[in-house]
Amino acid sequence: MDELHDAADLTARYLSEVDERPVWRPVPAAAAEWLAGQELPEAGRPLSELLADVRDRVLPYPMGNGHRRFFGWVNSAPAPAGVLVDQLAAAMNPSCAGGDHAGVLLERAVVRWLAELAGYPHRPGGGLLTSGTSLATAICLAAARQRAARADGWDVREDGLAGRPPFVVYVSAEGHSCLRKAAELLGLGTRGVRTIQVDAEFRMSPAALRAAIEADLAAGARPFFVAGSAGTVNTGAVDPLAELADVAAAHRLWFHVDGAYGALAALAPGAAPEFAGLAQADSLALDPHKWLGVPVDCGCALFADPAHARDAFSLVPAYLRDEDAGDLGWFAEYGPEQTRPFRALRTWATLSHLGRTGVVELVTRTTALARTLAAMVDQAPDFELVAPVVTSIVAFRYRPASGDVDAVNRAIPGAVQRRGRAFLTGTTLGGTEALRACVLNPATTEADLRILLEEIRLSAANLP
Ligand SMILES: Cc1ncc(COP(=O)(O)O)c(C=O)c1O
């Protein structure tokens, strides 16, 4: 198939030209109309034609996250090794639900590697790859709920939740929205989610957590799950994990750590003490498709004891029986996905290409760049930092000479994005508008950081 070679050429050209294009540009109306509105073709079209459409009508309108001046959300440029092998994963096209094939075995290895990198204890079968941390979180929460119900002498799968004391989970005010979504998905309701206050550095307060648990116990509720963050999405804050782990242990609650974005920040020089307590977690979620740049999608759920996830999800109908599955069974027994993609190949390639040294260098370089940006912000009279930089996210504000500061900061991200030279996003912190820049791309330079600040100034100056 010659088209496969053409596709490889196109991929190489696209990647080599990414930094020369606008970071992002709005999709023009006619292009959007074609992309979203086209009719299903009656007759099939040749591969070469499809490739031309991809070249002319798809590749020109990226989200922007391949560019070295993309600082939005937590979306990375793709790791070249991951891109290289993804076509081969598609060519093999296995389902990694289970069975005896390379996809499943490679997943065992990369899950172990990820645990090792994150400094999390690993036992065989102690995790699986997922679509992202949102799904990993739902899996960990379901495992925790199953363990808690069993401890109380019943089975959620058999009995449901009706007539039981309300199950309660604890997340910080800066915890990611996927925690609340997971609780809602599992039928706990938002009323089953306690939002714990944070300190001035946006870290969950252990004292407030303890007080909330005690109040719930006194009211007859059933606390069972505490979620700490190893790198919050707004500011990159790392909760006092060791203290949270102690509070959870004192009440025999499941301790979960959301390390989607930040778990690997522990690898930066001198950062490890900040992450003490992560290894005590009953579960850890992290996203290879964030800092590592594994092409989307790839998340990971890790468990201290995988038996609880298996207890929560294992359902093996007769047509899926596998007498040779071994003690660990199939991956599909540890989560809701049956057919599972070959995420392990792109993750294996990315990690193999970087090696532990390369991962440490990536984290070290990007966290250092974030500190450089923070120093620039600090020194500029028209900017201010709004949170300490502990990972690679810088949360800050522009201080206009006049006008409503909140309104200006709210308008800046869109204005910067539309100019096409840099891309950043915003958030609110403690009720005020803030800008946040997340540095993940090892190709970013100090000059790019200066351009970002310049673009913010120019955007603010030209706001209507
Ligand atoms: C801290 C944190 N937790 C969870 C998530 C959700 O992860 P995913 O988008 O992979 O489901 C994100 C995504 O940005 C995140 O930054």
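The values are calculated or read from the model by the stated rules, or taken from the named source; none is laboratory data. Keep in mind it's a predicted model, so treat the numbers as computed, not measured. Don't worry about glycine lacking a Cβ; one is built from the backbone with ideal geometry, like all the others, and counts go over all protein chains shown.
Please count how many residues of the range 226-266 are more than 11 Å from the ligand (Cβ to nearest atom) and at positive phi.
Number of matching residues: 1.
Look through 284, 302 and report the one residue that is modelled with pLDDT of 95 or more, crowded, with 22+ Cβ neighbours inside 10 Å and away from the ligand (no atom under 14 Å from the Cβ).
302
Every residue in the range 421-433 that is assigned to a strand (DSSP E or B) and free of Cβ contacts under 8 Å to residues at least 60 places away in the same chain, please.
426, 428, 432, 433
Can you tell which of 321, 310 is farther than 30 Å from residue 79 by Cβ, modelled with pLDDT under 95 and either buried (at least 16 other Cβ atoms within 10 Å of the Cβ) or of a type in the set (Lys, Arg) (or both)?
Within the list 321, 310, the selection yields 321.
Considering (1) touching a Lys or Arg at 6+ places or on another chain (Cβ under 7 Å); (2) of a type in the set (S, T, N, Q); (3) closer than 20 Å to residue 234 by Cα, say which one residue 197 fails and leave the rest.
Here residue 197 clears every test but (1).
Looking at 264, 244, can you tell me which residue is assigned to a helix (DSSP H, G or I), touching a residue at least 40 places away in the same chain (Cβ under 8 Å) and touching a Gly at 6+ places or on another chain (Cβ under 6 Å)?
Within the list 264, 244, the selection yields 244.
Output the number of residues of the range 202-211 satisfying the condition of being of a type in the set (D, E, K, R) and either more than 16 Å from the ligand (Cβ to nearest atom) or closer than 19 Å to residue 149 by Cα (or both).
So the count comes out to 1.
Test residue 341 against the criterion of being within 21 Å of the chain's Cα centre (by Cα), surrounded by fewer than 22 Cβ atoms within 10 Å (Cβ to Cβ) and under 23 Å from residue 131 (Cα atoms), and give yes or no.
Yes, satisfied.
Within the range 417-437, is there a residue that is under 16 Å from residue 72 (Cβ atoms), crowded, with 19+ Cβ neighbours inside 10 Å and basic (Lys, Arg)?
Taking every residue of the range 417-437 in turn, at least one turns out to be under 16 Å from residue 72 (Cβ atoms), crowded, with 19+ Cβ neighbours inside 10 Å and basic (Lys, Arg).
Filtering the range 162-179 down to residues that are under 23 Å from residue 73 (Cα atoms) and surrounded by fewer than 19 Cβ atoms within 10 Å (Cβ to Cβ), which residue is farthest from the ligand (Cβ to nearest atom)?
Applying the filter and picking the extreme gives 173.
Are any residues in the range 316-368 part of a helix (DSSP H, G or I) and farther than 22 Å from residue 122 by Cβ, and if so, which ones?
318, 319, 320, 361, 364, 365, 366, 367, 368
Please find, within the range 212-225, the residue that is farthest from the ligand (Cβ to nearest atom) out of those that are in a helix (DSSP H, G or I) and in contact (Cβ under 8 Å) with a residue 24 or more places away in the chain.
Applying the filter and picking the extreme gives 217.
Could you tell me which residue of the range 104-131 is surrounded by the most Cβ atoms within 10 Å (Cβ to Cβ), considering only residues that are farther than 18 Å from residue 314 by Cα and small (Gly, Ala, Ser)?
Result: 118.
For residue 336, state whether it is surrounded by 18 or more Cβ atoms within 10 Å (Cβ to Cβ), within 16 Å of the ligand (Cβ to nearest atom) and over 16 Å from residue 115 (Cα atoms).
Spelling it out, it is not the case that residue 336 is surrounded by 18 or more Cβ atoms within 10 Å (Cβ to Cβ), within 16 Å of the ligand (Cβ to nearest atom) and over 16 Å from residue 115 (Cα atoms).
Would you point out the residue of the range 158-196, among those that are more than 16 Å from residue 222 (Cα to Cα) and hydroxyl-bearing (Ser, Thr, Tyr), that is farthest from the chain's Cα centre (by Cα)?
Among residues in the range 158-196 that are more than 16 Å from residue 222 (Cα to Cα) and hydroxyl-bearing (Ser, Thr, Tyr), the one farthest from the chain's Cα centre (by Cα) is 172.
Which is part of a helix (DSSP H, G or I) and either out of contact with any His (no Cβ under 8 Å at 6 or more places or on another chain) or within 19 Å of residue 444 (Cβ to Cβ) (or both), of 418, 397?
418
Okay, residues lined up against (1) modelled with pLDDT of 95 or more; (2) of a type in the set (A, V, I, L, M); (3) within 16 Å of the ligand (Cβ to nearest atom); (4) over 30 Å from residue 17 (Cα atoms):
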residue: 80; (1), (2), (3), (4): yes, no, no, no
residue: 90; (1), (2), (3), (4): yes, yes, no, no
residue: 105; (1), (2), (3), (4): yes, yes, no, yes
residue: 122; (1), (2), (3), (4): yes, no, no, yes
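Starting from the range 59-74, keep only residues that are over 11 Å from residue 24 (Cα atoms) and touching a residue at least 24 places away in the same chain (Cβ under 8 Å), then list their pairs with residues that are of a type in the set (A, V, I, L, M) and more than 16 Å from the ligand (Cβ to nearest atom) whose Cβ atoms are within a distance under 6 Å, requiring at least 6 positions of separation or different chains.
Close Cβ pairs (under 6 Å, with a partner that is of a type in the set (A, V, I, L, M) and more than 16 Å from the ligand (Cβ to nearest atom)) amount to 68/443.
Among (1) assigned to a loop (DSSP other than H, G, I, E, B); (2) under 27 Å from the mean Cα position of the chain (by Cα); (3) not charged (D, E, K, R), which single condition is residue 87 missing?
With respect to (1) assigned to a loop (DSSP other than H, G, I, E, B); (2) under 27 Å from the mean Cα position of the chain (by Cα); (3) not charged (D, E, K, R), residue 87 is out only on (1).
Being free of Cβ contacts under 8 Å to residues at least 24 places away in the same chain and farther than 13 Å from residue 68 by Cβ: is that true of residue 399 here?
In short, yes.
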